[in-house]
Amino acid sequence: MKITVIYGTSRTEKSSTYNIAQQFLAELADGDPVTEFHLPKDMPEFCTGCFNCFSDPAKCPHYAYIKPISDAMLNADLIIISAPVYVFHMPGQVKALLDHFGYQWIAHRPIEAFFHKQGLVITTAAGAGMRHAAKDAQDSFNWWGVGRTYTFKKAVQASEWSQVSEKKREKITKEVKATSRKILAQKGSGPRLKVKMIFYLMRFVQKKYRYNPEDVAYWKEKGWFDGKKPWKDT
């Protein structure tokens, strides 16, 4: 399984999310390519709100950072976002990255291949906030059209991996294996109902309101106004 991993911080060996992600890679990669990005190093810029990407993603002022990540996600079967909880949400650098991909939301110009991909959100906290943090990434996965999304949320009661109790580590390992089996079983499958419903809703909006000429032209070119579906186009 080809995998792209986006780590939300530069911490590695000391990070619980990093170590859990490594366990998933051991279960899922099976010798296939794994491409890893570390934020903020690999994408240090905030979205400027210039709207250039909505006409052409290559016009983004930060395209040199965005393109390698975009290409890696496009080539992956599984996209992993692995990040700790910061004040009940994802770290700001993760949000800064996700902001740059608004143009490929289903509301605008979704990419067919994403409807056959899977997403995994890994997030940990010493205590609480995992649900809110995971949702930050889940929203983008859903609106990119990612077919199936899984979350792995853990309160580790520790500030670094070496402090996590052996009992909790053993439980995490078992749950990683169980989630990995679910991911492998769904490889290449189509999107779940929620993603399809978002597509149908946005098709109605595009046909009725036609806000952005570039978006309308894209949907027409794909034949989606005429009943074609992106999960059946690839």
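The values are calculated or read from the model by the stated rules, or taken from the named source; none is laboratory data. Because the structure is predicted, anything quoted here is derived from the model rather than measured. Here the Cβ is made from the backbone with ideal geometry for all residues, glycine too, and neighbour counts use every protein chain on show. Heads up: the accessible areas ignore ligands, DNA and RNA and are worked out on the full protein's heavy atoms, side chains in. Shrake-Rupley method; radii C 1.70, N 1.55, O 1.52, S 1.80 Å.
Table for the structure above
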quantity: Carbon + sulfur, % of accessible area of region 3-191 - ligands and nucleic acids excluded, 1.4 Å; calculated: 53 percent
quantity: Heavy atoms of residue 51: accessible area, 1.4 Å probe, square angstrom to 10; calculated: 140 Å²
quantity: Heavy atoms of residue 150 accessible to a 1.4 Å probe, total area in Å² rounded to 10; calculated: 40 Å²
quantity: With DNA, RNA and ligands ignored, accessible area of residue 7 (1.4 Å probe; Å², nearest 10); calculated: 0 Å²
quantity: Residue-count net charge about residue 133 - beta-carbon cut-off 15 Å; Lys, Arg +1, Asp, Glu -1; calculated: +3
quantity: Folded to 0 to 90 degrees: helix 16-28 orientation relative to the chain principal axis, Cα; calculated: 70 degrees
quantity: Calculated [θ] (222 nm, deg cm²/dmol) that DSSP helices of n ≥ 4 give over the chain, each run adding -39,500 (n - 2.57); calculated: -13000 deg cm²/dmol
quantity: Total charge dipole magnitude, the chain, about the Cα centre, Cβ charges on Lys, Arg, Asp, Glu only, Debye to nearest 20; calculated: 980 debye
quantity: Two-site label geometry, residue 41 and residue 216: point separation in nm, points 7 Å out along Cα→Cβ; calculated: 4.6 nm
quantity: Dipole of the chain, positive direction: furthest Cα of 5, 43, 125, with charges on the beta-carbon; calculated: 125
quantity: Projected area averaged over orientations for region 105-217, convex hull of C-alpha atoms, nm²; calculated: 8.5 nm²
quantity: For the chain, the spread of Cα positions along each principal axis, largest first, Å; calculated: 56, 38, 32
quantity: Nearest 10 degrees, 0 to 90: helix 63-75 Cα axis against the chain principal axis; calculated: 80 degrees
quantity: Inter-label distance for residue 194 and residue 12, nm, one decimal - labels placed 7 Å from Cα along Cα-to-Cβ; calculated: 3.3 nm
quantity: Region 151-190 - Rg (one decimal) and Dmax (whole number), Cα, Å; calculated: 13.1, 40
quantity: Cα-based reach from residue 232 at 16 Å (exclusive), listing aspartates and glutamates while leaving out same-chain residues under 8 positions away; calculated: 112, 221
quantity: Local net charge near residue 123, Cβ-Cβ under 11 Å (Lys/Arg +1, Asp/Glu -1); calculated: +3
quantity: Angle between the chain longest axis and helix 213-222 axis [Cα atoms, degrees, rounded to 10]; calculated: 90 degrees
quantity: log10 of Debye I(q)/I(0), alpha-carbon scatterers only, for region 54-103 at 0.17, 0.31, 0.32 Å⁻¹; calculated: -0.61, -1.23, -1.26
quantity: Accessible surface, 1.4 Å probe, highest first, among residues 112, 175, 170, 36; calculated: 170, 36, 175, 112
quantity: Candidate lysines for bridging to residue 228, where Cα separation is under 20 Å - those fewer than 8 sequence places away on the same chain excluded; calculated: 117, 194, 196, 207, 208, 220
